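> Pasting in a structure now, in structure tokens, and then I'll have a few things to ask.
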Amino acid sequence: MYRPGIWRRNQLLNTREQICGFRIGIAYNLLNSSGPSCSEDVKAFERTTRAIKLSSGVHRTTYRARFSDLDVVTHRIMQTVFAPNQKLRVHDWAASAGLLSVEWASHIWADFPSAVLIASDYFLFLLEAQNSAGETFILEPDGTAIQYINPPFVVSLVGKERSLFLLNRLAIAWARRSVEDLKEAAVQVEWDGIPDPRTHLRGKWRFRQINLIHPEARRLAQENQYFQMIRHDAFCKLAQPCEVLRVMNLYNPRIWGNEKATSGVKAAVDSVVDGGLLILGRTVEDKPAPKNNASIFRKRGDRVNLIERLNAGFEMERATLEL
């Protein structure tokens with residue numbers, strides 16, 4: 001028995017996400033479109049990006065209006081803290097594809113039209129590696145393989161496959177034979193920014209970028225000088241502190257361990273100016289509706305004070321206050 005995969009665009013737009021209760025593997029290279037962005041490209045991008053699981057175990061789950069309640073609360077507080085029309089530097093770390101940063105920008109610019117919003121993520125692109133035999137691997141930028149595509153198989157190389165799907169497990173075992181050589185070839189490729197449309201040949205492999213930035217974020221960055229999408233490691237502080245910083249769904253001790261999660265929070269605190277705002281939290285996918293547990297802090301000296309809590313608040317709220 002095997003778990004089917006989706007590797008063609010027409011499958012993606014016409015196939016359910018689950019069959020018999022099991023999630024279907026979606027080929028990550030379906031993020032790329034062959035022409036100008038259209039509504040079908042956006043739908044395909046949003047469905048595919050929800051399926052991505054990185055080698056760290058982090059999922060790039062995002063969807064429209066996910067932070068709508070948080071945006072309203074944050075905007076109300078910004079109106080009381082900052083002067084109208086004040087020029088602000090606003091950072092949105094771990095912004096994934098940047099779609100929610102675009103939505104946040106519309107709130108901010110209503111009262112702070114000259115605010116600069118800089119959305120960032122550690123991964124802005126993945127790599128696709130193909131050979132003449134029809135095998136495709138999806139890699140992180142450092143060459144770490146996270147997916148293998150060889151129709152009809154689309155299998156994750158992150159985590160374990162259920163023993164029920166014996167053929168998928170065999171496909172994974174076969175793919176792992178090439179992982180080390182593939183990584184060695186991938187790190188030899190030099191990319192000229194994002195996006196880079198070029199194809200690079202290294203040995204038997206052909207490499208190209210897979211853009212992880214949402215089409216709407218790409219378009220806004222092209223059209224508006226006050227919106228940027230950059231690469232940034234959210235465990236490192238900014239060289240130039242900002243007035244407002246949001247970090248959602250990243251600093252989770254269950255994923256990173258308490259020590260690393262705390263180091264990330266410390267980097268966030270150090271990246272905010274005195275008097276600035278820091279928003280930290282996590283989305284809990286409760287039924288019937290998701291819920292944002294977030295805490296909004298104000299920087300005072302080298303510490304922060306809690307000024308508002310949304311729902312249960314940030315799970316590391318106490319540790320943040322004690323830093």
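> To the nearest Å, what is the center-to-center distance of segment 56-102 and segment 205-256, using C-alpha atoms only?
Answer, in whole Å: 12.
> Still on this model: Would you mind ranking 122, 63 so that the residue whose beta carbon has the fewest other beta carbons within 10 Å leads the list?
Ascending number of Cβ neighbours within 10 Å: 63, 122.
> From the phi of every residue in segment 217-231, what ³J(HN,Hα) in whole Hz does the Karplus formula 6.51 cos²θ - 1.76 cosθ + 1.60 yield, where θ is phi - 60° and glycine or proline is x?
5, 4, 5, 5, 5, 6, 8, 10, 5, 8, 10, 9, 10, 10, 8
> Also, quick follow-up: Beyond 25 Å, what share of the Cα-Cα pairs of the chain remains, rounded to the nearest whole percent?
54 percent
> May I pose another question? Across the Cα atoms of segment 1-132, what radius of gyration and what greatest pairwise Cα-Cα distance (Dmax) are found, in Å?
According to the Cα coordinates of segment 1-132, Rg and Dmax are 18.5, 63 Å.
> Show the residues, 5+ positions off or on another chain, whose built amide H is closer than 5 Å to the amide H of residue 52.
Amide H neighbours of residue 52: 60.
> One-quarter of the Cα convex hull surface for segment 117-274, in nm²?
That works out to 12.1 nm², a quarter of the Cα hull's surface.
> Please determine, in degrees from 0 to 90 and to the nearest 10, the orientation of helix 166-176 with respect to the longest principal axis defined by the Cα atoms of the chain, where the helix direction is its Cα long axis.
Value to nearest ten degrees: 80.
> Excluding same-chain residues fewer than 8 positions from residue 43, which lysines have a Cα within less than 20 Å of its Cα?
53
> If you don't mind, another one. Any chance you could list P(r) for segment 193-293, counting all Cα-Cα pairs in 5 angstrom bins from zero, rounded to whole %?
It works out to 2, 10, 14, 15, 16, 17, 12, 9, 4, 1, 0, 0, in whole percents.
> Under the rule of at least 5 residues apart or a separate chain, name every residue whose amide H is placed under 5 Å from the amide H of residue 308.
It is 296, by chain and number.
> How large is ³J(HN,Hα), in whole Hz, for each residue of segment 195-207 in order, when computed from phi with the Karplus curve 6.51 cos²θ - 1.76 cosθ + 1.60 and θ = phi - 60°, using x for Gly and Pro?
My calculation for segment 195-207 gives x, 10, x, 5, 10, 10, 9, 9, x, 8, 9, 10, 10 Hz in order.
> Once the convex hull of the C-alpha atoms of segment 176-222 is built, how many Å³ does it hold per residue, rounded to a whole number?
Cα-based convex hull of segment 176-222, divided per residue, equals 87 Å³.
> Out of all DSSP beta bridges in the chain, what portion is antiparallel? Express it as a percent rounded to 5.
Antiparallel bridges: around 65 percent, rounded to the nearest 5.
> About the Cα centre of the chain, how large is the charge dipole given +1 on each Lys and Arg Cβ and -1 on each Asp and Glu Cβ? Please answer in debye to the nearest 20.
Dipole of the chain, to the nearest 20 debye: 820 debye.
> Something else: I'd like the projected area of segment 82-188, averaged over all directions, using the convex hull of its alpha carbons. Report it in nm² with one decimal.
Mean projected area for segment 82-188: 9.9 nm², to one decimal.
> Now a separate question. Based on other C-beta atoms within 10 Å, arrange 278, 127, 164 from fewest to most.
164, 278, 127
> Within a 10 angstrom radius of the beta carbon, how do 26, 307 rank from fewest other beta carbons to most?
Fewest-to-most Cβ neighbours within 10 Å comes out as 307, 26.
> Relative to the longest principal Cα axis of the chain, at what angle does helix 39-49 sit, 0 to 90 degrees, rounded to 10?
For helix 39-49, the angle is close to 90 degrees.
> In addition: Roughly what % of Cα-Cα distances in segment 92-145 sit above 19 Å, to the whole percent?
That fraction is 50 percent.
> What value, in deg cm²/dmol to 500, does the helix sum -39500 (n - 2.57) over DSSP H runs of n ≥ 4 give at 222 nm once divided by the residues of the chain?
So the helix-based figure for the chain works out to -8500 deg cm²/dmol.
> Please determine, in degrees from 0 to 90 and to the nearest 10, the orientation of helix 99-111 with respect to the longest principal axis defined by the Cα atoms of the chain, where the helix direction is its Cα long axis.
The two axes meet at around 20 degrees.
> Turning to a different aspect of this structure: Can you list the residues, at least 5 places off or on another chain, whose amide H is less than 5 Å from the amide H of residue 154, using H built in the peptide plane?
5
Every read-out reported here was derived from the displayed coordinates using simple, explicitly stated rules and does not represent laboratory data. Not measured: the values here are computed from a predicted model. Ideal geometry is used to build each Cβ from the backbone, glycine not excepted, and the neighbour counts take in all protein chains shown.
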